[in-house]
Amino acid sequence: MTTALVLVDLQVGLLAGEEAVPEADSLLGRLRPLAERARALGIPVVHVQDDDLGEVGSEEWRIDPRLGAQDDDLRVRKAECDAFHETELDELLKARGVRHLVVAGLTTELCIDSTCRKAVTLGYDVTLVSDGHSTPSDHLPVQAIVDHHHRILDGYGVYINRRPYEIRLQTAADVDFVAPEEPELQAVGTP
């Protein structure tokens with residue numbers, strides 16, 4: 001399997017109550033079917049949970065039940081914005097042969113941004129679900145934050161051993177879970 005769906009911080013504490021992200025029901029209404037499609041295709045679904053969101057095991061720390069997480073979905077706990085930082089995520093993905101990530105969740109300007117950027121530096125191609133991430137904000141309109149991050153992340157990438165790894169955007173409905181084609185490398189000096 002070369003693709004995994006990585007769902008970041010879709011926890012009750014960010015999706016319910018007074019502190020909930022705007023339009024949480026709509027967001028989950030797009031992400032639940034995406035996760036169901038991934039499972040039907042045999043694609044691993046990984047839930048990344050922020051240990052700073054309430055006490056571990058508390059109601060606000062749990063994955064929001066509206067997402068429909070399954071017992072055989074993978075789980076990774078983190079303490080920082082970057083889902084790879086001091087976690088087993090990279091090891092877990094590489095052990096399964098994953099080279100392409102479909103990423104969605106919370107929060108756009110922190111955990112989604114840092115996880116996507118780190119993923120390409122580790123040699124993953126990333127599809128960011130353009131209508132599959134959000135943030136709670138009282139200082140800027142949420143859509144302005146999302147749009148800004150789309151502009152800076154779409155096409156962001158790095159070269160590792162002369163191979164490009166980059167972030168591309170797709171809506172939840174358009175995600176096909178197909179990893180980008182490996183580019184053919186040419187020797188230096190050849191046309």
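For segment 1-52, just say rounded, prolate or oblate: build the C-alpha gyration tensor, square-root its eigenvalues into a ≥ b ≥ c, call rounded for a/c under 1.5, and beyond that prolate if a/b exceeds b/c, oblate if not.
Details: a/c = 3.89, a/b = 1.71, b/c = 2.27.
Cα axes put segment 1-52 in the oblate bin.
Roughly how many debye, to the nearest 20, is the charge dipole of segment 35-191 about its Cα centre, given +1 on each Lys and Arg Cβ, -1 on each Asp and Glu Cβ, and no other charges? Each step should come with its number before you reach the end.
Details: 16 positive and 30 negative charges, 116 e Å.
The calculated dipole for segment 35-191 is roughly 560 debye.
Hey, can you grab everything whose amide H is under 5 Å from the amide H of Gly105? Only 5+ residues off in sequence or another chain; H modelled, so Pro and N-termini drop out.
Long-range HN contacts for Gly105: Val8, His133, Ser134.
DSSP loop (so not H, G, I, E, B), at most 13 other Cβ within 10 Å: list which GluC sites (Glu not before Pro) in segment 84-158 pass both filters.
Details: sites: Glu86, Glu88, Glu91, Glu109; in loops: Glu86, Glu88.
For GluC sites (Glu not before Pro) across segment 84-158 that sit outside H, G, I, E and B with at most 13 neighbouring Cβ atoms in 10 Å, the list reads Glu86, Glu88.
Can you compute 3J(HN,Hα) from phi for each residue in segment 56-64, using the Karplus curve 6.51 cos²θ - 1.76 cosθ + 1.60 with θ = phi - 60°, rounded to whole Hz and x for Gly and Pro?
Along segment 56-64, the couplings run 3, x, 6, 4, 5, 7, 5, 4, 4 Hz.
May I ask you to give the percent of accessible area on the chain that is carbon plus sulfur, with a probe radius of 1.4 Å?
On the way: 4690 of 9430 Å².
Solvent-exposed carbon and sulfur of the chain make up 50 percent of the total.
Could you work out the local net charge near Cys116, counting Lys and Arg as +1, Asp and Glu as -1, over the other residues with Cβ closer than 13 Å to its Cβ? If you can, show how the numbers build up before the last one.
Values: positive: Arg117, Lys118, Arg168; negative: Asp82, Glu109, Asp113, Asp125, Asp154, Glu166.
Counting the neighbours of Cys116, the net charge comes to -3.
Considering the options Gly68, Leu10, Val56, tell which one lies farthest towards the positive end of the dipole of segment 1-100, charges being +1 on Lys and Arg and -1 on Asp and Glu at the Cβ, about the Cα centre.
The residue sitting farthest along the positive end of the dipole is Gly68.
With θ set to phi - 60°, apply the Karplus curve 6.51 cos²θ - 1.76 cosθ + 1.60 along segment 135-143 and write out the HN-Hα couplings as whole Hz, x wherever there is a Gly or Pro.
So the Karplus estimates, Gly and Pro as x, are 7, x, 8, 10, 10, 9, x, 4, 4 Hz.
Starting from the Cα gyration tensor of the chain, take the square roots of the eigenvalues, sort them a ≥ b ≥ c, and report rounded, prolate or oblate (rounded when a/c is under 1.5, otherwise prolate if a/b is larger than b/c, else oblate). Please list the in-between numbers first.
Values: a/c = 1.81, a/b = 1.53, b/c = 1.18.
Prolate is the answer for the chain, as a/c is 1.5 or above and a/b outweighs b/c.
For segment 91-180, rounded, prolate or oblate, judged on the Cα gyration tensor with a ≥ b ≥ c (square roots of eigenvalues), a/c < 1.5 rounded, else prolate if a/b > b/c?
Numbers: a/c = 1.91, a/b = 1.74, b/c = 1.10.
Cα axes put segment 91-180 in the prolate bin.
Quick one: Karplus J couplings for segment 23-39, per residue in order, coefficients 6.51, -1.76, 1.60, θ = phi - 60°, nearest Hz, x for Gly and Pro?
6, 4, 4, 5, 4, 5, x, 8, 7, 4, x, 4, 5, 5, 4, 4, 4
For the chain, with every protein chain kept in place, what is the accessible area per residue (1.4 Å probe, Å²)?
On a per-residue basis, the chain sits at 49 Å².
The values are calculated or read from the model by the stated rules, or taken from the named source; none is laboratory data. Keep in mind the model is a prediction, meaning the values are calculated, not measured. Backbone-built Cβ (ideal geometry, glycine too); neighbour counts: all protein chains shown. The accessibility values were calculated without ligands, DNA or RNA, using every heavy atom of the protein model including side chains. Shrake-Rupley method; radii C 1.70, N 1.55, O 1.52, S 1.80 Å.
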